[in-house]
Amino acid sequence: MHHYVKFHGSQEKIEVGKILCVGRNYAAHAQELGNELPEFPIIFLKPASVLIQSGQNVVHPPYSTNLHHEIELVVLIGNEMKNVDEKKALKGIAGYGVGLDMTLRDLQNEQRAKGEPWTLAKCFDTSAVVSEFVSHTSVPNILKEDITLQVNGATRQNSSLSKMIFSPAAIISYISERLKLEPGDLIFTGTPEGVSRVVQGDKLQGNIGSHCFIETQIV
């Protein structure tokens, strides 16, 4: 089964390769979870099989009691990139979207306490939700935009993308020195402060300025 993203106003489906995610990319979020600020981007992966589109439902796993929302800027890679600097990295971005990196916080905390990988806290079916994308050229400076998430109409997360510790270009450059990026790869660039628990029945709506919109329900 192929997993894809689309550009707003287009029916063309772009097959997704790998999904790379950045942890602790906003200082206030690192602080709210009691984590140190990273010296380099913290990178983890999600398989493409967990990806769903805005409008589809997030299925709450029965083995967790603390599912958290994390709203994020998502970057769609347009060119193959290896060992690129930040200038070339920017040119390799095809588009921007808004996404939800759903996280099983109870599993993550248990696994971290044991020094084990927290893969299964991040990688469960429907744990990555993405909006339609807008082209890189249509948003000259994405970092000037605000990112917001509402749960049942109440604002939970609201921040400026300018507060990122590592910019999208810096993240791409860093990853490309270690792992080749390919067209169709997605990068979730990290979440601002305000992450919290959601339960079955909750409705989530998020946006980046007036460019990207996302909605989902927990079932």
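Listing for the model above:
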read-out	value
Summed side-chain charge close to Ser138 - residues other than Ser138 whose Cβ falls under 13 Å, Lys, Arg +1, Asp, Glu -1	-2
Average Cα contact separation per residue, the range 1-138, under 8 Å, 6 or more apart, as relative contact order %	28 percent
Mean shadow area of the range 40-84 over all directions, Cα convex hull, nm²	5.6 nm²
Surrounding net charge for Asn152, when Lys and Arg each add one and Asp and Glu each subtract one, Cβ distance under 13 Å	+1
Residue-count net charge about Pro41 - beta-carbon cut-off 12 Å; Lys, Arg +1, Asp, Glu -1	0
Span from the the range 130-158 Cα centroid across to the the range 177-205 one, whole angstrom	12 Å
Along each principal axis, Cα extent of the range 9-117, largest first, Å	39, 36, 23
Cβ-derived FRET efficiency at R0 25 Å, Arg112 paired with Tyr63, nearest 0.05	0.90
Mean Cβ count within 10 Å, highest first, over the residues of peptides 90-102, 114-126	90-102, 114-126
Pair Asp146, Tyr4: separation of 7 Å Cα→Cβ label points (nm)	3.5 nm
GNM result for the chain, Cα springs below 10 Å: residue of Ala128, Ala113, Ala28 fluctuating most strongly	Ala113
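Since every read-out is calculated from the coordinates, none of them should be taken as a lab result. The structure presented is a predicted model; accordingly, all values stated were derived computationally and were not measured. Ideal geometry is used to build each Cβ from the backbone, glycine not excepted, and the neighbour counts take in all protein chains shown.
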